[in-house]
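Student: So that we are looking at the same thing, I have put the structure below in C-alpha cells.
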Amino acid sequence: MRDPIFPHCHLLGIEGLSPLEINRLLDLSDPYVAQNRGSDKASKNLKGRTVVNLFFENSTRTRTSFELAALRLGANVINMQIGSSSVSKGETLIDTAVTLNAMHPDVLVVRHPQSGAVKLLSEKVNCAVVNGGDGSHEHPTQALLDALTIRRRRNKIEGLKVAICGDVAHSRVARSNFYLLLTLGAEVRVIAPRTLIPSELDRLGVQTYTDMREGLRDCDIVMMLRVQNERMTGSFIPSVREYFRFFGLDREKLALAKPDALIMHPGPMNRGVEIDSDVADDFERSVIREQVELGVAVRMAILELLANNLSAKRVDSDGEE
Ligand code: CP
C-alpha cells in the first residue's frame, strides 16, 4: 500500500508539498537518527532494491549520504561515474536515464546543473526519482535535513525567525528552504547584497534585508549560504574582502541574533568569505555537522518511502509484484 500521507513516487522539490506531507517526511526520518547513532546501523528494509546515483555535478555530502542511506537499508547501490560514462561521448541526459531505467533500478537520485532537468528525466522513466539538486531550482533533501535539524533542536519550526544569508540568487538550498519554512509557519528573512536578491521573493512572502546587522536582529536561526562562483556569470560582489565585511558571519554580527541562535550552513563552506571559522566551529551554536549527520537519516526515510510507494503503484497498475 502506498503511504496514505505521502503517496508520491518522486521527490522533485518542496514547492507544492503540504505541511502534512513535509511533517510526514520529517517524522519518518527521526527514528533513523537514533539507529545511525547505534552500533548496528543496518536494516533489510530495501533488500533486493537498487538505487542509482546519477550526479552530473560534484558532491560530497549528498552523494555520499544517499549511498550510505541505501547501504544501511540493505539496497544495492551504483554510483555512476559520469566522467567515464557514455555522457562523454555525447549521450544526452534523457538517453542516459532511459538506458539506466531499462536495467530496472528502483530509485534514481539525480543532480544536474540545469534547473528542471530532474523533473524532465522523471517523466521518461518508470522508477522513483529524487532530486539531488537541479541548477538553482531546488535541493529538497537539503531543506528537509535542515528542517529536521531545527525541529530536533527547537521542538518546532512554526514562529521561528530564520535568516537565510548570502548568495540567494543562485541557491537551490535557499529556494527549497523558503518553500519548506514558510509552509511550516516560520518567519523567513533574506539578507544579501541587492545583486543577489531575486525579485520573486516578494511574491513568496520573504522579508529582505541588505543590512546584515538589521536582518539578524532577534533571529532564532542563522543559515549561511555559499557564494556560488561557479554559477555567477557577471560581477555580483565587489570583492571577497568587501563581501565578508558586510555579509560574512562573524562573532560581532552573530551577537545581534538571539543569544542561543543556531548557526547553519549546507556546506561546502567558504571560510573567510561567507562565514568566519570562529563561529563555524563554535559547537555550542553551530549545527553544521549535525546537518550532515541528519542528512543520512532523511535520505534513508525518503529512499524507503519512495521505493515502497513505487512497489505499491506497480502492484496497483499491472500486478507486476
Ligand atoms: N549541501 C550539499 O549539497 O553539499 P554537496 O554539494 O557536498 O552534496
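Student: Quick one: Ser88 ticks every box in (1) in a helix (DSSP H, G or I); (2) out of contact with any helix residue (DSSP H, G or I) (no Cβ under 9 Å at 6 or more places or on another chain); (3) surrounded by fewer than 15 Cβ atoms within 10 Å (Cβ to Cβ) except a single one, so which number is it?
Tutor: (2)
Student: Output the residues belonging to segment 10-47 that are outside any helix (DSSP H, G or I) and under 18 Å from the mean Cα position of the chain (by Cα).
Tutor: Matches in segment 10-47: His10, Leu11, Leu12, Gly13, Ile14, Glu15, Gly16, Leu17, Ser18.
Student: Give the residue that is farthest from the chain's Cα centre (by Cα), with candidates limited to residues of segment 108-132 that are of a type in the set (A, V, I, L, M, F, W, C) and outside any helix (DSSP H, G or I).
Tutor: Checked segment 108-132; the qualifying residue farthest from the chain's Cα centre (by Cα) is Val125.
Student: Take the residues in segment 34-77 that are of a type in the set (Lys, Arg) and crowded, with 16+ Cβ neighbours inside 10 Å; name whichever of them is farthest from the ligand (Cβ to nearest atom).
Tutor: Checking each candidate, the answer is Arg49.
Student: Let me ask another. Would you mind telling me which numbered condition in (1) at pLDDT 95 or above; (2) within 16 Å of the ligand (Cβ to nearest atom) Met80 fails?
Tutor: (1)
Student: Here are some conditions: (1) touching a Leu at 6+ places or on another chain (Cβ under 9 Å); (2) outside any loop (DSSP other than H, G, I, E, B). Cys219 meets all but one. Which one does it not meet?
Tutor: (2)
So that you can scan it fast, the table gives a plain yes or no per residue for (1) surrounded by 21 or more Cβ atoms within 10 Å (Cβ to Cβ); (2) touching a residue at least 40 places away in the same chain (Cβ under 8 Å); (3) not charged (D, E, K, R):
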| site | (1), (2), (3) |
| --- | --- |
| Ala97 | yes, yes, yes |
| Ala102 | no, no, yes |
| Asp106 | yes, yes, no |
| Val110 | yes, yes, yes |
| Pro113 | no, yes, yes |
| Leu120 | no, no, yes |
| Val125 | no, no, yes |
| Val129 | yes, yes, yes |
| Gly132 | yes, yes, yes |
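Student: Here's another thing I want to ask about it. When the residues of segment 124-143 are narrowed to those that are touching a strand residue (DSSP E or B) at 6+ places or on another chain (Cβ under 6 Å) and among the small types (Gly, Ala, Ser), which ends up nearest to Asp167 (Cα to Cα)?
Tutor: Ranking the qualifying residues of segment 124-143, first place goes to Gly133.
Student: Looking at Arg175, Arg152, which is the one that is basic (Lys, Arg), closer than 23 Å to Thr62 by Cβ and either within 16 Å of the ligand (Cβ to nearest atom) or outside any helix (DSSP H, G or I) (or both)?
Tutor: Arg175
Student: On to the next question. Exactly one of these conditions fails for Val98: (1) out of contact with any Lys or Arg (no Cβ under 6 Å at 6 or more places or on another chain); (2) more than 25 Å from Leu148 (Cα to Cα). Give me its number.
Tutor: With (1) out of contact with any Lys or Arg (no Cβ under 6 Å at 6 or more places or on another chain); (2) more than 25 Å from Leu148 (Cα to Cα) applied to Val98, the lone miss is (1).
Student: Hey, another quick one. Scan segment 258-296 for residues that are within 14 Å of the ligand (Cβ to nearest atom), surrounded by fewer than 18 Cβ atoms within 10 Å (Cβ to Cβ) and free of Cβ contacts under 8 Å to residues at least 40 places away in the same chain and jot them down.
Tutor: Hit for segment 258-296 is Arg289, nothing else.
The values are calculated or read from the model by the stated rules, or taken from the named source; none is laboratory data. This one's a predicted model, so the numbers in the text were calculated from it and none came from an experiment. Glycine gets a Cβ as well: all are built from the backbone with ideal geometry, and neighbour counts include every protein chain shown.
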